[in-house]
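Below: one structure, written as structure tokens.
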Amino acid sequence: MIDGVIALYIFMLAAFTGYEVISRVPVILHTPLMSGSNFIHGIVLVGAMVALATADTTLVRVIGFVGVFLAAGNAVGGYVATERMLQMFVSAGKKKGNL
Amino acid sequence: MDFAQSGQTLVQLSYLVAAFLFIVGLKRMSSPVTAVSGIRWAGVGMVLATLVTLVFMHASQLNLILVIVAIAAGGALAWISGKRVAMTDMPQMIALYNGMGGGAAGAIAAVELYSGNEQSVTHLAIAAVGGFIGSVSFSGSLIAFGKLQGLITKSVRFSGQKLVNLAILLVTVGLGFAVVSGSFTGPLAVSLFFGFALLLGIAMTLPIGGADMPVVISLYNALTGLAVGFEGFVLDNAAMIIAGTVVGAAGTLLTQLMAKAMNRSLANVLFANFGESSGAGASTVTGTQKAIEASDAGVMLAFSQKVIVVPGYGMAVAQAQHKVWELCQLLIEHGVQVRFAIHPVAGRMPGHMNVLLAEAGVPYDLISDLDEINAEFDTADVALIIGANDVVNPDARTNKASPIFGMPILSADKAKNVIVVKRGQGQGFSGIDNALFVLDQTRMLYGDAQSAVGQLIQAVKAAG
């Protein structure tokens, strides 16, 4: 196990990082950013995979399967949605350059 | 160092790299120029962490097959739905994907609690807290999805609802304590715990009106992040701890920014049952709405000096953003100065309108937010409201009885003329009467935004 106090340090530093990174974001990117951060917590996938990998009863297997299924949906859906939205900003930016 | 050990080291290193890529990705997503590369960096991190985990986890053949099938099924469904969904429906898809993440965090907690092989109380407690938050986020996000998708049209409210919700919360917390402390264990206890947590998410979200959904989705996004972070502690997974906590903090800040834009506290959004009272007593709007024909409205627009367009959810629903930009390009050719005014909470999410206008190809420099544009309404000949409602309601400035009193609004009522494109005479999504619609200088153009703007385009062409 990651040592308790060290875990708290990680927690604190990560919280500051999240706060700082977001605080400089223009309003127009709020929706894509929410979607992007939604994608990033899709990393729950690796946890769900490990949980299913160590399953030894049917009940735990079923729950683990559901967990991996949901997590994969979170990660893939979050990515697709975010990329589609951000693509639009690229094309809009290029059009602006041409004007 | 044997193979298993070096494998674990490799896994940990890949998580470190993934966490780094996530933070760099988020950072790059904070500017329009680098945003697309941001999500790709983060995506590389995700693929790396997933592949390395898959290779080095010690799974039986059956479990390995199950993992791969579950990833393929969940990934394929999300890929197809994410690619196919219309841009306007993105907010509910984000709610859905977010709910899935919360559900996954809940499932990890359930595996820990059901299998009961965790020795330390601290571990169990962290797993339970993460599972609780994840479950609330899961069921709550699904309700938010249902509401935005139009599957759930009523906001369920009854007297004593807050007490009922409080009771559900207390029962859930009590069950959690019992499970963690070992005084009430076994599958039944764990099932009850999760059942009540899921119920709480549903009960919390059902009474919240559709207009508040952006804030709620953002809150659940932050909660899912937190839940993932907690489960990361349980699983000793640094990538989950860092990514989850970063999202938890970022999401909390984003939620506050949104609530602030509506001039309300988060507690107010969650517990005030917004829109509840507006049906009866609070409505003080008197006067009649005056209709206008598209041909007259088109002439008015074509001979204006300056037009400010205020898009809202109605434009999104009707997919009218391309038509709106076509109309504006036409007006610009006529020498009209055109600006877009975006309220921070227009649509169903902050920035929702910006995404749609970007899709239609509107240049950034024509788009202004509340602070930049509000002084300019005084000099505008026409404020063209397309499917927006609460964000231009002057009651928010003047009528203390209005549920949205105090919310910063776009001062469309200061323009010399106001044209409102609206589907019908009824109230908007929040159920609040709009004082703007009955002002002397306001004319209503009824119809679906797509067809109404289409008629305006014809009218402007005919006028010019």
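At a glance:
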| item | result |
| --- | --- |
| Unmet requirement for B:G45, which otherwise passes all of (1) more than 7 Å from chain A (Cβ to nearest Cβ); (2) in contact (Cβ under 8 Å) with a residue 24 or more places away in the chain; (3) surrounded by fewer than 23 Cβ atoms within 10 Å (Cβ to Cβ) | (3) |
| Residue check, A:Y19 on the phi < 0 side of the Ramachandran plot, assigned to a helix (DSSP H, G or I), touching a residue at least 40 places away in the same chain (Cβ under 8 Å) and open to solvent by 10 Å² or more (accessible area, probe 1.4 Å) | no |
| Unique residue being free of Cβ contacts under 8 Å to residues at least 60 places away in the same chain and not aromatic (F, W, Y) when the list is B:V338, B:V355 | B:V338 |
| Filter result for B:G335 (open to solvent by 40 Å² or more (accessible area, probe 1.4 Å), outside any helix (DSSP H, G or I) and either more than 8 Å from chain A (Cβ to nearest Cβ) or under 23 Å from B:L436 (Cβ atoms) (or both)) | yes |
| Selected residue (criterion: nearest to B:V309 (Cα to Cα)) from residues of segment B:358-383 that are in contact (Cβ under 8 Å) with a residue 60 or more places away in the chain and facing chain A (nearest Cβ under 7 Å) | B:Y364 |
| Residues of segment B:1-27 classified as over 20 Å from A:L13 (Cβ atoms), open to solvent by 40 Å² or more (accessible area, probe 1.4 Å) and part of a helix (DSSP H, G or I), total | 7 |
| Enumeration of residues in segment A:25-56 that are of a type outside the set (A, V, I, L, M), at the interface with chain B (Cβ under 7 Å from one of its Cβ atoms) and without any contact (Cβ under 8 Å) to a residue 24 or more places away in the chain | A:H30, A:S37 |
| Selection within segment B:212-237 - more than 22 Å from B:R264 (Cβ to Cβ) and either open to solvent by less than 20 Å² (accessible area, probe 1.4 Å) or not in a helix (DSSP H, G or I) (or both) | B:T224, B:G225, B:A227, B:V228, B:G229, B:E231, B:G232, B:V234, B:D236, B:N237 |
| Options B:A95, B:A107, B:A128; residue that is in contact with a Gly (Cβ under 6 Å, 6 or more places away or on another chain) and within 10 Å of chain A (Cβ to nearest Cβ) | B:A107 |
| Test for B:G106: is it over 15 Å from A:A81 (Cα atoms) and surrounded by 22 or more Cβ atoms within 10 Å (Cβ to Cβ) | yes |
| Residue in segment B:51-61 that is least open to solvent (accessible area, probe 1.4 Å), counting only those that are at the interface with chain A (Cβ under 8 Å from one of its Cβ atoms) and assigned to a helix (DSSP H, G or I) | B:T53 |
| Segment B:164-211: number of residues that are under 30 Å from B:I432 (Cα atoms) and either of a type in the set (A, V, I, L, M) or not in a helix (DSSP H, G or I) (or both) | 12 |
| Qualifying residue in segment B:75-91 (condition: more than 7 Å from chain A (Cβ to nearest Cβ), of a type in the set (A, V, I, L, M) and in contact (Cβ under 8 Å) with a residue 24 or more places away in the chain) | yes |
| Those residues of segment B:149-163 which are part of a loop (DSSP other than H, G, I, E, B) and without any contact (Cβ under 8 Å) to a residue 60 or more places away in the chain, in sequence order | B:G150, B:L151, B:I152, B:T153, B:K154, B:V156, B:F158, B:S159, B:G160 |
| Hits in segment B:238-256 (condition: more than 13 Å from A:S37 (Cβ to Cβ) and either more than 7 Å from chain A (Cβ to nearest Cβ) or surrounded by fewer than 24 Cβ atoms within 10 Å (Cβ to Cβ) (or both)) | B:A238, B:Q256 |
| The listed residue being under 18 Å from the mean Cα position of the chain (by Cα), over 18 Å from B:A70 (Cα atoms), among the aliphatic types (A, V, I, L, M) and part of a helix (DSSP H, G or I), out of A:A75, A:A81 | A:A81 |
| Residues satisfying the stated conditions in segment B:197-230, i.e. more than 24 Å from B:V345 (Cα to Cα) and among the small types (G, A, S) | B:A197, B:A203, B:A227, B:G229 |
| So B:G74, is it open to solvent by less than 50 Å² (accessible area, probe 1.4 Å) and in contact with a Gly (Cβ under 6 Å, 6 or more places away or on another chain) | yes |
| Any hit, segment B:114-122, residues being more than 7 Å from chain A (Cβ to nearest Cβ), open to solvent by 30 Å² or more (accessible area, probe 1.4 Å), at pLDDT 95 or above and closer than 22 Å to A:G64 by Cβ | no |
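The values are calculated or read from the model by the stated rules, or taken from the named source; none is laboratory data. Here the structure is a predicted model, which is why all the values come from computation and not from measurement. Virtual Cβ from ideal backbone geometry, glycine too; neighbours counted across all protein chains shown. These area figures cover heavy atoms from the full protein model, side chains too; ligands, DNA and RNA do not enter into them. Shrake-Rupley method; radii C 1.70, N 1.55, O 1.52, S 1.80 Å.
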